[in-house]
1. Which of the residues belonging to the range 568-599 are open to solvent by 20 Å² or more (accessible area, probe 1.4 Å), outside any helix (DSSP H, G or I) and either under 18 Å from Leu383 (Cβ atoms) or touching a Phe, Trp or Tyr at 6+ places or on another chain (Cβ under 6 Å) (or both)?
2. In the set Asp618, Asp634, which member is touching a residue at least 12 places away in the same chain (Cβ under 8 Å) and either open to solvent by 30 Å² or more (accessible area, probe 1.4 Å) or within 26 Å of Asn756 (Cα to Cα) (or both)?
3. Looking at Thr450 and the list (1) crowded, with 16+ Cβ neighbours inside 10 Å; (2) not in a loop (DSSP other than H, G, I, E, B), which single condition is not satisfied?
4. Go through the range 385-411 residue by residue and tally those that are open to solvent by less than 50 Å² (accessible area, probe 1.4 Å), within 16 Å of Glu588 (Cβ to Cβ) and not in a helix (DSSP H, G or I).
5. Within the range 226-300, which strands (runs of 3 or more DSSP E) (wholly inside it) include 3 or more residues that are open to solvent by 10 Å² or more (accessible area, probe 1.4 Å) and hydrophobic (A, V, I, L, M, F, W, C)?
6. Given the structure, is Glu736 open to solvent by 80 Å² or more (accessible area, probe 1.4 Å), in the same structural domain as Thr677 (by the TED database) and closer than 22 Å to Val674 by Cβ?
7. Which ones in the range 144-157 are open to solvent by 60 Å² or more (accessible area, probe 1.4 Å) and closer than 18 Å to Lys639 by Cβ?
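The values are calculated or read from the model by the stated rules, or taken from the named source; none is laboratory data. Here the structure is a predicted model, which is why all the values come from computation and not from measurement. Glycine gets a Cβ as well: all are built from the backbone with ideal geometry, and neighbour counts include every protein chain shown. To get the accessible areas, we keep the full protein, side chains included, count just its heavy atoms, and leave off ligands, DNA and RNA. Shrake-Rupley method; radii C 1.70, N 1.55, O 1.52, S 1.80 Å.
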Amino acid sequence: MPLKTLPKTRRKGEIGEIPKTPKSAGKGKKLKRKEEGNLTEVEVAFSPETPGQSETKKRKRDEESKVVTRSRASKNVNFEKNKAVSKRRVYYKKVVYDGGEFEVGDNVYVRRREEASSDDELVQVDECRVCFKSGKSVMIECDDCLGGFHLKCLKPPLKKVPEGDWICGFCDARKLGREVKLPTPPEGKKRVRTLREKLLSSDLWAAHIESIWKEVGGIYWCRVRWYIIPEETMAGRQPHNLRREICRTNDFADIEMECILRHCFVMNPKEYAKANEGDDVYLCEYEYDIHWHSFKRLAEIDNGEEDDDGAESDGDWKLSKDPDSDTEEEMDYDEESIKNILAKPSRAHELAANSQKGRFFGLQKIGVKKIPEHVRCHKQTDLERAKAALLLASLPKSLPCRDKEMLEITAFIKDAIFDDKCLGRCLYIHGVPGTGKTMSVLAVMRNLRTEVDAGSIRPYSFVEINGLKLASPENIYRVIYEALSGHRVSWKKALHLLNERFSEGKKIGKEDDKPCILLIDELDLLLTRNQSVLYNILDWPTKPHSKLVVIGIANTMDLPEKLLPRISSRMGIERLCFGPYNYQQLQEIVSSRLKGINAFKEQAIEYASRKVAAISGDARRALEICRRAAEITDYRLKKLISNSNNASQGKSLVGMAEVEAAIQEMFQAPHIQVMKTSSRLGKIFLTAMVYELYKTGMGETTFEKLAMTVSCLCTSNGEAFPGHDMLLKIGCKLGECRIVLCESGAKHRLQKLQLNFPSDDVAFALKDSKELPWLAKYL
């Protein structure tokens, strides 16, 4: 949309500093007020008087409590004490405050904190991203990055604003996988962000004024209703959300008028479609419930308020306060309506925790209205279908290249189920990440579920737990007990009840007679100092009445050897190894997902598979590269079609050039460039972290262990050990770049360290190092 200024309440020359209330107006300020009806004007004058000591202390206390947050804004006022004071409040419909005119119903910007330096300069018009000037010339806005550009600054320049959506050349190149260098401002000039940029980056808030009043002390307050951006909701930003879209909430707060910066304009879809000017214009189509994390269209809310006789109205439940006012017909109608409502299955009871055994609980099924698909949805092309099929979240119909492993898992589970006692049945599955360990087990369980439904095998209970989702290893007791019984208790009580269930055979649910299959992903994350959690879980299957089968999955091969003897003996000798995929298997995996979709050339799939197999053999990387290549091709094809009437001019198949662009985009990310350009000791530091990860299988290590590994690597390859002090400085530098995550607190030898990126990225960045060629044998 073109960026011309709408009629503003404040002009840029009148903004000056952030408006101050009388309470925090500063040293030696006196205030004069003029009141005429509902219109109030506030003026500020200076005086050389020095405040007394009591006033200074009072001001300090006020400044300490001036941090405005959505959760604290309404709590800063003690409503119990102000019941009597509220009678002496003076309410206004319109207020002229520090040059700005505000009234009830306006939408305004609200700053987040008192000392925010980013709010000192309030820019009303965005600067051109090329010449970094605003001026009076017509500017056009990119619908992707929301950047403003003069028509004459574009290459080639435009004579008029085009109709429909327009995307700048920088966003075009970025979507095609090219490297983009944005223009930099001239020396001595700093680009200042507009309030729109601050709001969409969560540095400002937007609110709707509900009421305005003046307190007894002369301070002006207002009650506001907050808006939030899609990123702040539980669902996050969705594909159908526009860049200028915000949501109204049911969260209210009382704030001082000095927190308000200036007006913004929030419109419904019809008004937003007609608006083509202004930088402070936003679309609001949904209301977001902050308690239930659900959405509802504002149009439906307004229609519900206007139509009191609708199907969703609750007029039938508004009974009269007079018990003698009901007639016989009304009483019969009430009894019949109550019976009909009680006869219907309650949605709340369906989602009750006690009736959902072995399922996940949370807010994923709670919502008022489902957000519909985009209005401009159309029949999917082959490239769009390919992008959806290559998503990691999409579940494939079959899992190729793992038939042998799946047969072994199926035989193990069937043998355990047919055995009535299920004594000591544990299976340990290990392999490098991205080799299909978890997906293979889940595919086996789905196949066994169909056999249970057919009656060929006996019923069983299945509990799946991921160690990454546990706040602490002990919480696994609570999750297991909740899945078996449907009740939530503390982990200590859950441990006691599970011991009674598996050791003594005491029933805690109706399905205790069935065998229980417990799948624990990321088993190594359950390690504690005394290893009691793993001992209890692996000890339960050895009990006579347990009927428990444990399947553990981890990345490290020698995890049982690192455990205590009493634990490794209970784990047993049944192990299953998932090796990394070769390029033929990766090519088969990608082709199986694209079966029936003519979107890729065979050479392109083979090229991507060979690249990934040479680095890690991770199937997830191969799928991500192919999906990104499909996105680049789809975007380029749509651009060609939009610029030409002949749709056949565009190339519809993904080739090796697009795959190479996706690979360069993935493996030339900023963090990989930082690793490649790091110092000599920094590369040794990162190599030692990867080597320690491969050796122990643990995602994190301590500085003491890492220092010993660095010492061993340097000694073996003729490098001088830098010393602990220098090694600590290198770790701090990598921590500042967020390449390594460091435990907060004092820098000591037991401080925990962890890689912030996959080990494959470190191997890709350092394996071809000419400075240190010996690093490749440890990666």
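1. Arg575, Lys595, Gly596, Ile597, Asn598
2. Testing whether each residue is touching a residue at least 12 places away in the same chain (Cβ under 8 Å) and either open to solvent by 30 Å² or more (accessible area, probe 1.4 Å) or within 26 Å of Asn756 (Cα to Cα) (or both) leaves just Asp618.
3. Condition not satisfied by Thr450: (1).
4. Final tally of qualifying residues: 6.
5. 260-267
6. It is true that Glu736 is open to solvent by 80 Å² or more (accessible area, probe 1.4 Å), in the same structural domain as Thr677 (by the TED database) and closer than 22 Å to Val674 by Cβ.
7. Lys155, Pro156, listed by residue number.
The rows are residues; the columns are (1) closer than 30 Å to His545 by Cβ; (2) of a type in the set (Lys, Arg); (3) modelled with pLDDT under 85.
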position	(1), (2), (3)
His374	no, no, yes
Asp382	no, no, no
Ala389	no, no, no
Lys397	no, yes, yes
Ile413	yes, no, no
Phe418	yes, no, yes
Thr435	no, no, no
